[in-house]
Structures are given as structure tokens and as C-alpha cells.
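**Student:** Dumping the structure here so I can ask a few things about it.
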Amino acid sequence: MGDHPGNIYEPRPVSIHRTLPQIQDHRLFQLQLEDGSSWADFGHQPGQFIEVSLFGKGEAPISISSPPTRLDSLEICVRKTGRITDSLFEMGKGSNLHIRGPYGRGFPLDDLKGHKLLLVAGGLGLAPLRSLLLYALDKREEFDEIILMYGTNNPDNVLFKYELLSFFDRDDIKYLYSVDRDDEGIWKQYVGVVTGLFEQTIISPEETYAVLCGPPIMYRFVLQKLLNLGFAKEHIYMSLERMMKCGVGKCGHCAIGNKYCCTDGPVFCYTQIEDIEEAI
Ligand SMILES: Cc1cc2nc3c(=O)[nH]c(=O)nc-3n(C[C@H](O)[C@H](O)[C@H](O)COP(=O)(O)OP(=O)(O)OC[C@H]3O[C@@H](n4cnc5c(N)ncnc54)[C@H](O)[C@@H]3O)c2cc1C
Ligand code: FES
């Protein structure tokens with residue numbers, strides 16, 4: 001968990017600084033603290049999440065999408081799916097809400113530093129991975145080669161489109177992307193599932209950490225691919241999602257076998273969960 005000087009349950013007042021539409025029903029919210037403190041004091045790490053609290057409505061866990069190297073605002077990318085997210089989408093610039101956190105274990109930065117990174121994201125899974133990706137790009141000298149593989153179901157569903165396109169102007173990140181289907185025949189790149197992208201680049205498993213986030217089906221196939229390539233299980237990390245309530249290890253809603261997704265995760269090393277049947 002982050003640095004909680006006081007009560008870990010305490011919701012902190014924030015306001016919406018900007019909302020940026022992404023794709024249909026997905027929006028990026030830039031948040032500002034209303035209590036005069038800085039996001040540096042918030043102490044978030046890539047891979048952690050917050051609980052978005054709307055008084056009188058409830059709370060929803062949402063990944064932090066921005067890295068601690070960019071402290072102008074805290075960014076969350078939200079899909080409109082139900083009670084809380086519907087209400088959030090009705091709010092605009094200047095609206096007030098509360099957040100709790102930061103919560104959970106993020107990506108193991110100390111282990112990742114000095115190594116090659118292979119980030120594999122599917123759909124909204126890019127939201128938590130983006131915090132690590134931008135962190136690594138902001139501290140580029142601390143990491144070796146960076147490869148991002150991103151798959152979406154169709155060309156209209158690419159999140160952070162312009163940010164991703166800007167990676168083509170850089171020679172210090174390799175960005176490979178795929179769409180599952182291209183019914184209109186407009187996609188000029190790879191059509192097929194994200195694992196097909198492994199054929200398009202050379203990966204050296206012993207020097208690389210793989211980090212995955214996406215829909216459950218993606219993990220199954222990507223894990224198989226990584227193990228076949230010779231990745232050690234210790235070099236594979238993934239961010240998991242479960243239904244949550246408290247977010248701080250008290251209610252048991254988010255149990256994955258004998259682990260809590262909120263406090264033992266949401267980022268897990270494959271070795272921690274490989275024996276838990278329902279984990280993936
Ligand atoms: C650690 C973590 C990080 C998350 N990060 C993000 C994020 O960055 N952006 C984002 O849009 N969403 C994220 N989610 C999912 C988000 O918390 C849920 O979609 C949440 O239910 C939305 O609240 P709601 O009240 O709008 O929808 P609800 O009315 O609660 O539910 C809408 C539908 O989603 C289902 N649902 C609820 N929780 C989950 C879940 N965890 N996984 C799958 N289905 C669920 C419900 O059963 C229901 O069918 C994250 C969840 C977790 C646990
Ligand atoms: S959400 Fe309550 S224990 Fe994890």
C-alpha cells in the first residue's frame with residue numbers, strides 16, 4: 001500500500017481536471033487533489049489501484065494509469081459498465097468526488113530495472129500497464145529494451161491511440177499491435193490474436209521480464225507462449241482483477257485461493273498463483 005499518514009480507509013477529496021474520451025464507453029479522467037497536497041505525497045506506484053468513492057452511490061476499484069514520474073494529475077481510464085462508472089461519466093471538469101488508496105502491490109520495479117521488458121496488454125488491460133510503460137520511458141536509462149505488444153478486438157477499440165502512435169517516432173521502444181478482427185479491411189498491421197505478435201520480434205527470455213494484463217483468455221495463451229519460449233516463471237508478472245469491496249484485505253471479497261487480490265496483488269508473479277486453479 002502507499003504511504004497512508006492517517007486512516008487507510010479515509011476518502012480524499014479530488015476534482016476532475018479534464019476528461020478525455022478514448023473509445024466508445026471508455027474515458028480518461030485526470031484528477032487533482034483538493035486538500036492542497038501533491039500527488040508526490042500520495043505515494044502511488046505503477047500497478048496500484050484506487051477506490052473511486054461516490055458518496056451515496058458506492059465505490060469501484062480502478063487502476064492508476066499514470067506513473068509517479070508524472071505528478072500534474074492522477075489519471076484513470078474507465079469503462080462505463082454500471083452504477084459507479086455510469087455516474088462518473090455524468091461528471092465533468094470541476095466535479096468533486098473522493099478516492100481511497102493507493103492500494104495493492106504494484107509491479108516489482110527493483111527486479112525489472114536493468115532488464116528487458118516485454119509488456120503484453122489486451123483491451124483495457126493497457127490501463128494499468130500504461131503506468132509501468134510511462135514510468136520506464138521516463139526513466140529510460142534504468143531499463144534495457146522495451147517491447148509493447150497490444151491487442152484489441154477491432155481497429156476502433158485502440159486505447160491511448162495517439163500516445164501509442166507517437167511510439168513509432170521513438171527508437172527506444174518497439175510497439176507491436178494486433179486486432180482480432182478487421183471486418184472493414186482497414187487495418188494495415190497484424191490481424192489475429194496478440195500471441196501472433198511473438199513471431200514478429202526476437203525475444204531473449206533469460207534477459208527479459210514479461211508483464212501481462214488483459215482479459216483472462218489472453219493470459220492462458222500468452223503464458224503458454226512465454227513458457228514455450230523458455231521464460232522462467234519468476235520472470236512473468238501479471239495484474240489480476242477480482243470483485244472487490246474494501247480494497248484493504250478486510251472483507252474477503254477478492255479472494256484468489258489463499259490470497260487477496262487487493263493486498264497480495266493485483267500484481268502477482270506467476271509463481272505465486274500457478275497452483276491456484278481459479279486464478280486465471
Ligand atoms: C484491481 C482492479 C482494477 C480495475 N481497474 C479498472 C480500470 O482501470 N478501469 C475500469 O474501467 N475498470 C477497472 N476495474 C473494474 C471495475 O472496478 C468494475 O468494472 C466495477 O464494477 C465498475 O463499477 P460499477 O458500479 O460501474 O459497475 P457494477 O454495477 O458494479 O458492475 C458492472 C458489471 O461489471 C461486473 N464486475 C464488477 N466488478 C468486476 C471486476 N472486478 N471484474 C469483472 N467484472 C466486474 C459486475 O458483475 C457487473 O456485471 C478494476 C477492477 C479491479 C479489481
Ligand atoms: S476487497 Fe476486501 S479483502 Fe480484498
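The values are calculated or read from the model by the stated rules, or taken from the named source; none is laboratory data. On a predicted model such as this, the values are computed, not experimentally measured, just so you know. Every residue, glycine among them, receives a Cβ derived from its backbone with ideal geometry; neighbour counts consider all protein chains shown.
**Student:** Among the numbered criteria (1) closer than 30 Å to Glu51 by Cα; (2) in the same structural domain as Pro128 (by TED's automatic domain parsing), which single criterion is violated by Lys250?
**Tutor:** Only one criterion in (1) closer than 30 Å to Glu51 by Cα; (2) in the same structural domain as Pro128 (by TED's automatic domain parsing) is unmet by Lys250, namely (2).
**Student:** Output the residues belonging to the range 94-103 that are within 16 Å of ligand 2 (Cβ to nearest atom) and under 16 Å from Gln32 (Cα atoms).
**Tutor:** First pass over the range 94-103, keeping only residues within 16 Å of ligand 2 (Cβ to nearest atom): 99-103.
Of everything in the range 94-103, those that are within 16 Å of ligand 2 (Cβ to nearest atom) and under 16 Å from Gln32 (Cα atoms) turn out to be Ile99, Arg100, Gly101, Pro102.
**Student:** Anything in the range 58-94 that is out of contact with any Leu (no Cβ under 9 Å at 6 or more places or on another chain) and more than 8 Å from ligand 1 (Cβ to nearest atom)? List them, or say none.
**Tutor:** Across the range 58-94, the qualifying residues are Glu59, Pro68, Leu71, Asp72, Phe89, Glu90, Gly92, Lys93, Gly94.
**Student:** Go over the candidates Leu134, Leu129 one by one and state the one that is away from ligand 2 (no atom under 16 Å from the Cβ), in contact with a Cys (Cβ under 8 Å, 6 or more places away or on another chain) and touching a residue at least 60 places away in the same chain (Cβ under 8 Å).
**Tutor:** Among Leu134, Leu129, only Leu129 is away from ligand 2 (no atom under 16 Å from the Cβ), in contact with a Cys (Cβ under 8 Å, 6 or more places away or on another chain) and touching a residue at least 60 places away in the same chain (Cβ under 8 Å).
**Student:** If you don't mind, another one. Which is closer than 28 Å to Val193 by Cα and within 17 Å of the chain's Cα centre (by Cα), of Ser73, Ser65?
**Tutor:** Ser65 is the lone residue from the list that is closer than 28 Å to Val193 by Cα and within 17 Å of the chain's Cα centre (by Cα).
**Student:** Of the residues Asn7, Asn96, which single one is surrounded by fewer than 17 Cβ atoms within 10 Å (Cβ to Cβ), on the phi < 0 side of the Ramachandran plot and modelled with pLDDT of 95 or more?
**Tutor:** Going through Asn7, Asn96 in turn, the sole match is Asn96.
**Student:** Additional query: Taking the condition of being part of a strand (DSSP E or B) and out of contact with any Cys (no Cβ under 8 Å at 6 or more places or on another chain), how many residues in the range 94-118 meet it? Steps first, answer last, please.
**Tutor:** Residues of the range 94-118 part of a strand (DSSP E or B): 96-103, 105, 116-118.
Adding the requirement that they be out of contact with any Cys (no Cβ under 8 Å at 6 or more places or on another chain) leaves 96-102, 105, 116-118.
The number of residues fulfilling the criteria is 11.
**Student:** I'm checking my understanding of the structure. Among residues of the range 239-257 that are in contact with a His (Cβ under 8 Å, 6 or more places away or on another chain) and near ligand 2 (Cβ under 6 Å from one of its atoms), which one is nearest to Cys213 (Cα to Cα)?
**Tutor:** Met244
**Student:** Show me the strands (runs of 3 or more DSSP E) entirely contained within the range 32-93 in which 3 or more residues are within 16 Å of ligand 2 (Cβ to nearest atom).
**Tutor:** On the way: elements: 49-54, 58-63, 74-79.
Correct list: 49-54, 58-63.
**Student:** Is there any pair with a first residue in the range 251-280 that is on the phi > 0 side of the Ramachandran plot and a second that is assigned to a strand (DSSP E or B) whose Cβ atoms are under 8 Å apart and which are 6 or more apart or on different chains, and what are they?
**Tutor:** Every condition considered, the pairs that remain are Gly252/Tyr260.
**Student:** Okay, moving on. Could you list, in sequence order, all residues of the range 226-245 that are in a helix (DSSP H, G or I) and surrounded by fewer than 18 Cβ atoms within 10 Å (Cβ to Cβ)?
**Tutor:** Scanning the range 226-245 gives Leu227, Asn228, Leu229, Lys233, Glu234.
**Student:** Among the residues of the range 153-181, how many are of a type outside the set (Phe, Trp, Tyr) and either under 22 Å from Phe107 (Cβ atoms) or in a helix (DSSP H, G or I) (or both)?
**Tutor:** Summing the residues that are of a type outside the set (Phe, Trp, Tyr) and either under 22 Å from Phe107 (Cβ atoms) or in a helix (DSSP H, G or I) (or both) in the range 153-181 gives 15.
**Student:** State all residues of the range 246-272 that are buried (at least 21 other Cβ atoms within 10 Å of the Cβ) and not in a strand (DSSP E or B); if no residue qualifies, say none.
**Tutor:** Passing the criteria: Gly247, Cys254, Cys261, Cys262, Gly265, Tyr270.
**Student:** With the structure loaded, tell me whether Gly114 is touching a helix residue (DSSP H, G or I) at 6+ places or on another chain (Cβ under 9 Å) and buried (at least 22 other Cβ atoms within 10 Å of the Cβ) or whether it fails that test.
**Tutor:** Against the criterion (touching a helix residue (DSSP H, G or I) at 6+ places or on another chain (Cβ under 9 Å) and buried (at least 22 other Cβ atoms within 10 Å of the Cβ)), Gly114 does not qualify.
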